[in-house]
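Remarks on the structure that follows.
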Amino acid sequence: MSTATVSGVWTSEELMKGKAGVPLSPPPAPSKSSKKSARKLAASGKVDPMDWGTPGHLTEEEVATFMKFRDEVEKRGGEFKSTVYSFGDMEGEAFCLTRWLRARKFKYDEVIAMIEEATEVRSSAREQDFYPDPVQALGCEPSVFMAQYPQLYHGHAKNGCPVFISKPGVLNVDGMECITTLDGILKFHWHVMMHDYTGRLKKHKEANPDFVNFQCVTVIDLEHLSTSQLNQRALSILKTQTAIDSVCFPETMNKTLVINAPRFFSLTWNIIKGWIDPRTAGKIELISNRKNWEARLRELVDVDQLPSDYGGKGIATTETLASDVPEGVLKQKHELVHVRTSGSSSVEVPKGGSLHVTVFTRSQTEVTISIVDETNKSKVYAEGVSVKHTGGSGDNDNPTSVVITKEHIKGPVNAKIKIQSKGGRFSTAGNYMVACNIY
């Protein structure tokens, strides 16, 4: 089947009953523990809630709304149309337009208002081509960011959707604050959605022309999450990442598994679930027991597409994240050092390797940073480098970054990065992110 078949115009009859040669959008695999199979609803003449509003399952009234919407998108064109087709035309007209229609339950005026809002929301990012350079977007290497908030795409689910794994349970808010801004996180999210995620969808579509499900299977790992982590700064970071998705990328959640949830979160979820639209709630599963969530993941994703630390046979997420480093870098180490009067971080540089050190901070107390040989402290590689944040203290004021190694330190060496406060005896210098690249 050609891409043109999927992308072509669908008739009213096809929107209700399906288009010859085009597979209907496959749902996520039902859980074996589920008492009902959604597909069995077809025998009773009822529409599976997961199929509702998708091409091949529309009612006459929904088709009329679809046709009106399609005409309006073509009439307006320009940025309005670009907003609707944010993933490009490879998604196919019918599948793209019904995503937006489902997001507002086929209420025409609300759909139009949503797209107008989305067009405005994405206007600044569009002027910057959605930040093709992630370093420029964040103000630091993405690997430094990922060390504070691990998240990555890893393979595809059985229905073709990319699999995204996020680990907010180990989100290091203090570390994030040292290296970037809320605005930087927002810009980086635009980069991910428009350059990374979209690229993955298109690549999979080229290899699999039948793929029509431009959605994502998400795993949210809450292992190590504590109530103390759910402060205003953490919530702001999470909100910033998701703020644009509901408006600019509607109906892109295929299935979300929330795993390793602590008891306090599970109790809260039982309340929240009652407030959510049943169809949306049906896409979210909360599973705390490892044996159970591994089994559920294997129902959704083939084992060769699942990382080994999530019950599969693929590369572990820790290895994937550790290997995603700047060109020429062999290994990285990122450590948040809290300094009252002094602090330190150590790193081993192998023979043939060389070390480059950058320090990020928002602390307005001056410190001096030196690098010595841990086994021979008389050997000094960098001495008394002054570091002090002189910028603003707002969420979107850039942090300070200082390169400590004017020249790379050649291995083998056990290097110790020493931080000494120049503040008063009873003052606290603050937090310093020590970022080490080994070449």
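Taken together, the values in this text are just the output of simple stated rules run on the coordinates, not laboratory data. For clarity, every value in this text was computed on a predicted model and none was experimentally measured. Positions of Cβ are generated from backbone atoms using ideal geometry, with glycine treated the same way; all protein chains shown enter the neighbour counts.
Computed quantities for the displayed model
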item	result
Equivalent ellipsoid semi-axes, the stretch 112-235, via Cα gyration tensor eigenvalues times 5, rooted, Å	26, 21, 15
Full-stretch length increase - Thr242, Lys17 - with 0.36 nm per residue and alpha-carbon distance subtracted	77.6 nm
17 Å Cα cut-off, lysine pairs counted over the stretch 365-439 (separation 8 or more, or different chains)	11
Set of aspartates and glutamates near Lys202 by C-alpha distance (under 16 Å), chain-local residues within fewer than 8 positions excluded	Asp89, Glu91, Glu93, Asp210
Tilt relative to the chain, helix 182-191 - C-alpha long axis, 0 to 90 degrees, to 10	50 degrees
Tensor-based shape of the stretch 117-186 (alpha-carbon gyration tensor, a/c under 1.5 rounded, otherwise prolate or oblate)	oblate
0 to 90° range, to nearest 10: angle between helix 93-103 axis and the chain longest Cα axis	80 degrees
Cα radius of gyration and Dmax for the stretch 43-190 (Å)	19.1, 57
Simple label model, 7 Å out from Cα along Cβ direction - Glu383 to Ala113, nm	6.8 nm
Calculated FRET efficiency for the pair Ala64/Val325, C-beta based, R₀ 41 Å, to 0.05	0.15
At 0.692 mPa s and 37 °C, Stokes diffusion of the stretch 233-302 via Kirkwood alpha-carbon radius, µm² per second	238 µm²/s
Cα-based helix-to-principal-axis angle, 60-76 vs the chain, degrees rounded to 10	60 degrees
Where only alpha carbons of the stretch 162-257 are counted, the Rg and the Dmax (Å)	15.0, 47
The chain: calculated mean residue ellipticity at 222 nm from DSSP helix runs of at least 4, using -39500 (n - 2.57)	-9500 deg cm²/dmol
Partner lysines for Lys68 [C-alpha distance under 27 Å; skip if fewer than 8 residues away on the same chain]	Lys17, Lys19, Lys46, Lys81, Lys105, Lys107
Whole-Å distance, taken between Cα centres, linking the stretch 123-189 and the stretch 314-377	20 Å
Spatially close lysines, pair count over the stretch 244-353: Cα under 22 Å, gap of eight or more or interchain	9
Cα-only Debye scattering, the stretch 330-439: base-10 log of I(q)/I(0) at q = 0.22 Å⁻¹	-1.16
Mean projected area (nm²) of the alpha-carbon convex hull when the chain is viewed from all directions	24.3 nm²
Two-site FRET efficiency, Ser393 against Arg340, from Cβ-Cβ distance with R₀ of 25 Å, rounded to 0.05	0.80
Computed lengthening from Lys105 to Asp129, 0.36 nm per intervening residue step minus Cα-Cα distance	5.6 nm
